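Undergrad: Could you have a look at this structure, given as structure tokens, before my questions?
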Amino acid sequence: MSGTPSTLAQPCRHQEEIRKSRFLALAAPVDSPEQALAFVREAGDPTATHNCWAYRIGQDYRFNDDGEPGGTAGRPILQAIEGQQMDRVVVLVTRWYGGIKLGAGGLVRAYGGTAAECLRRAGRVPIVAMARLELRCDFADLALLKARLKDLQAEVEHETFGADGVELQLCLPDSRVDEAQLRVSDISRGRSTAKRL
């Protein structure tokens, strides 16, 4: 995927009727394959004709046609996710058959189109690569360090006080690591260094 991938800000849904069949797309942000499969189990309708789905989490992806002809449901849903440059997303498209056969091309358009429209209408948040830093500083530098690192979107994950100073573990956007390391060195006048974990 090129460009900056995004994920969903919150779960979303979109419904369409295509030649008397009803298609309902439900999409949600997920962090693991287990979470994606749990969403599919919980959101799927056992009374529906088909519950087809796909997810992408980094390089991990999976899809399922749930009884539709091979390649006509799950793969088009996955292609909708990828086409919208989404990651950490699961999409379930449930179909209630309306009596008119759509054919392979019609199924691809119906499943892929319903999934794509659901994702198009959804609120998104960019996925930011994060990094962890570890450092030890003097008590006298702690308040200023924390304040100046917060400007770089660094969050303190762990703080351990010892007899001769404080150990910090920070989480911050990967793009700000070099700047944070320089700032730690400047504020402490070279006494402290931030190491990437």
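Undergrad: Quick one: residue 71 ticks every box in (1) in contact with a helix residue (DSSP H, G or I) (Cβ under 7 Å, 6 or more places away or on another chain); (2) open to solvent by less than 40 Å² (accessible area, probe 1.4 Å); (3) not in a helix (DSSP H, G or I) bar one, so which box is it?
TA: Only one criterion is unmet by residue 71, namely (1).
Undergrad: Taking residue 80, is it hydrophobic (A, V, I, L, M, F, W, C), free of Cβ contacts under 8 Å to residues at least 12 places away in the same chain and either crowded, with 21+ Cβ neighbours inside 10 Å or more than 19 Å from residue 120 (Cβ to Cβ) (or both)? Lay out the reasoning, then the answer.
TA: Numbers: hydrophobic (A, V, I, L, M, F, W, C): yes; free of Cβ contacts under 8 Å to residues at least 12 places away in the same chain: no; either crowded, with 21+ Cβ neighbours inside 10 Å or more than 19 Å from residue 120 (Cβ to Cβ) (or both): yes.
No.
Undergrad: Name the single residue, out of those in segment 1-58 being among the β-branched types (Val, Ile, Thr) and within 16 Å of residue 83 (Cα to Cα), that is farthest from the chain's Cα centre (by Cα).
TA: This residue is 4.
Undergrad: Mind checking which residues of segment 22-32 are closer than 24 Å to residue 123 by Cβ and open to solvent by 60 Å² or more (accessible area, probe 1.4 Å)? Break it down stepwise before answering.
TA: The initial filter retains those residues of segment 22-32 that are closer than 24 Å to residue 123 by Cβ, namely 23-32.
Listed by number, the list holds a single entry, 31.
Undergrad: Can I ask one more? Just wondering, is there one or more residues in segment 148-171 that are among the hydroxyl-bearing types (Ser, Thr, Tyr), in contact with a strand residue (DSSP E or B) (Cβ under 8 Å, 6 or more places away or on another chain) and under 30 Å from residue 76 (Cα atoms)?
TA: no
Undergrad: Also, I was wondering about something else. Every residue in segment 33-57 that is in a loop (DSSP other than H, G, I, E, B) and either within 18 Å of residue 116 (Cβ to Cβ) or open to solvent by 30 Å² or more (accessible area, probe 1.4 Å) (or both), please. Can you show your working first?
TA: The initial filter retains those residues of segment 33-57 that are in a loop (DSSP other than H, G, I, E, B), namely 44-49.
Selection gives 45, 46, 47, 49.
Undergrad: Might you check whether a residue that is of a type in the set (Phe, Trp, Tyr) and touching a Gly at 6+ places or on another chain (Cβ under 9 Å) occurs anywhere in segment 61-71?
TA: If we filter segment 61-71 for residues that are of a type in the set (Phe, Trp, Tyr), which is where we start, we get 61, 63.
Retained after the next criterion (residues that are touching a Gly at 6+ places or on another chain (Cβ under 9 Å)): 63.
The answer is yes, given that some residue of segment 61-71 is of a type in the set (Phe, Trp, Tyr) and touching a Gly at 6+ places or on another chain (Cβ under 9 Å).
Undergrad: Under 7 Å between Cβ atoms, at least 6 apart or on separate chains: pull out the pairs that start in segment 138-156 with a residue that is closer than 13 Å to residue 180 by Cβ and end on any residue that is outside any loop (DSSP other than H, G, I, E, B) and open to solvent by 70 Å² or more (accessible area, probe 1.4 Å).
TA: Listed by first residue and then by second, the contacts come to 152/179; 156/146.
Undergrad: Can you confirm whether segment 177-195 contains a residue that is closer than 23 Å to residue 23 by Cα and touching a Cys at 6+ places or on another chain (Cβ under 9 Å)?
TA: In the first step, residues of segment 177-195 are kept if they are closer than 23 Å to residue 23 by Cα; the result is none.
Among the residues of segment 177-195, not one is closer than 23 Å to residue 23 by Cα and touching a Cys at 6+ places or on another chain (Cβ under 9 Å), which makes the answer no.
The values are calculated or read from the model by the stated rules, or taken from the named source; none is laboratory data. Everything numeric in this text was worked out from a predicted model, so none of it was measured. Positions of Cβ are generated from backbone atoms using ideal geometry, with glycine treated the same way; all protein chains shown enter the neighbour counts. Accessible surface is based on the protein model in full, side chains and every heavy atom, while ligands, DNA and RNA are left aside. Shrake-Rupley method; radii C 1.70, N 1.55, O 1.52, S 1.80 Å.
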